[in-house]
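Shown next, in structure tokens, is the structure this report addresses.
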Protein chains: 2
Amino acid sequence: MKITDLSHLINEDIMVYPGTERPVLQDIDIDGYQEIRITMFTHTATHIDAPYHILKHGRTLDELPIDKFIGPGIVIDCKALAGKEITVDFLKKYENEIADAEFLLLNAGWSLKWKTEAYFDDFPVLSLDAAKWLTNFKLKGIGLDSISLDPVHSIDLPNHHIVLDKEIIIIENLTNLDSLPASGFMFQCLPLKIEHADGSPVRAVAVF
Amino acid sequence: MKITDLSHLINEDIMVYPGTERPVLQDIDIDGYQEIRITMFTHTATHIDAPYHILKHGRTLDELPIDKFIGPGIVIDCKALAGKEITVDFLKKYENEIADAEFLLLNAGWSLKWKTEAYFDDFPVLSLDAAKWLTNFKLKGIGLDSISLDPVHSIDLPNHHIVLDKEIIIIENLTNLDSLPASGFMFQCLPLKIEHADGSPVRAVAVF
């Protein structure tokens, strides 16, 4: 068995969604043992968006069955689409692969921009039609190496609404997607079991 | 594939190690999306102790290879040993099983006492000799359904020192161990990738 880590390191210097706060890590040295008091938003670093993040009627992470977070994954290279939309026409080339997968990982090459302001701009984004088209498959989740399924300047987050309404979870801020083959691995993103959680930082991995 | 969740829910009412703080979960409703600001110690709920938790020279969680957190598990029933030590003689009956495993899960039946004060007292604890004996195997980790590898009143935490010095991680506050067979599953406890972490809450699971 081989395991590939797809998660960003969590520290006080990471990129966070505009308007939210960076994590705070406070070292605590208590009588011979070391701990950290960590304060962070549920959408810190590599993390899941649950339906409830956007939809008041949506289920929280702790309400979803645990097998929602593990399944066969595929990677689609979208690097040529910087600043553009990921369209149905583009995705249709991979229709058979998507039909066989439970997790679709979109590799935009954007993790290379992590910790730069360029991370927030011009990443490829699904068109509304493409987001709707993807809900026709049996996908459990869509993973990104960028910060959002919608542009950062989006007000109403339409792609989030479309996929979360179908209980397709979103995994944002993945990294290391270049090290994966196009298919042939199990993707895992087991969230912390936070009560009534709209999201959770995760240690996302691919298992071969 | 079947997945069994072995993790306690994280909320503000959970048991925490005496002298530490319960998590604080603050709902944040920002412009149409829901988040939680969570403040918690790295040793909250179901969590890992890394060597650095106790040993200044020990490695942190983010320094350990990712395959340290996945491997074949076994469960040993220790329910008859409430208030007593888990001795080498007791464990020797399972010597062959332990030799084949990477994670040893000790089922004391203690998760039934979660959220009661009785959780802190009289759980079975490895004798010093048993802790040392277990370091002879190829174990990656030892998992417990109680709050510590040493009694809560322990000052110098000798069992923690013995196993962490050999880079055997400790998984504390597991639950649902009764639902597992004695062997035949992969145990997983992938931690958050917190920089320089002495520990991390985890979503521990068994995968069949």
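The values are calculated or read from the model by the stated rules, or taken from the named source; none is laboratory data. These figures come from a predicted structure and were not determined experimentally. Quick reminder, even Gly has a Cβ in these numbers, built from the backbone with ideal geometry, and neighbours come from all protein chains shown.
Selection of the stretch A:95-137 for residues being crowded, with 18+ Cβ neighbours inside 10 Å, within 19 Å of residue A:71 (Cβ to Cβ) and not charged (D, E, K, R) yields A:98, A:101, A:103, A:104, A:105, A:106, A:107, A:134. Considering only the stretch A:146-154, I want to know if a residue exists there that is in contact with a Gly (Cβ under 8 Å, 6 or more places away or on another chain) and crowded, with 18+ Cβ neighbours inside 10 Å. No, the conditions are met nowhere in the stretch A:146-154. Of the strands (runs of 3 or more DSSP E) lying entirely inside the stretch A:1-64, those containing at least 1 residues that are surrounded by 19 or more Cβ atoms within 10 Å (Cβ to Cβ) and within 7 Å of chain B (Cβ to nearest Cβ) span A:3-5, A:33-41. Taking the stated definitions as given, is residue B:195 within 11 Å of chain A (Cβ to nearest Cβ), within 19 Å of residue B:40 (Cβ to Cβ) and touching a residue at least 12 places away in the same chain (Cβ under 8 Å)? When the stated conditions are applied, residue B:195 passes them.
Assessment of the stretch B:141-161 against the conditions (away from chain A (no Cβ under 14 Å), farther than 19 Å from residue B:90 by Cα and of a type in the set (A, V, I, L, M, F, W, C)) yields no matching residue. Of all the listed residues (B:114, B:133, B:110), the sole one being in contact with a His (Cβ under 8 Å, 6 or more places away or on another chain) and not hydroxyl-bearing (Ser, Thr, Tyr) is B:114. Scanning the stretch B:179-195 turns up no residue that is touching a His at 6+ places or on another chain (Cβ under 9 Å) and of a type in the set (Ser, Thr, Tyr).
Within this structure, residue A:184 fails the test of being of a type in the set (Gly, Ala, Ser), more than 21 Å from residue A:78 (Cα to Cα) and at pLDDT 95 or above. Filtered by the rule that a residue be over 14 Å from residue B:177 (Cβ atoms) and either at pLDDT 95 or above or touching an Asp or Glu at 6+ places or on another chain (Cβ under 6 Å) (or both), the stretch B:102-115 gives a lone residue, B:102.
Consider the stretch B:169-192 and keep the residues that are in a loop (DSSP other than H, G, I, E, B) and in contact with a strand residue (DSSP E or B) (Cβ under 6 Å, 6 or more places away or on another chain). The one that is nearest to the other protein chains (Cβ to nearest Cβ) is B:192.
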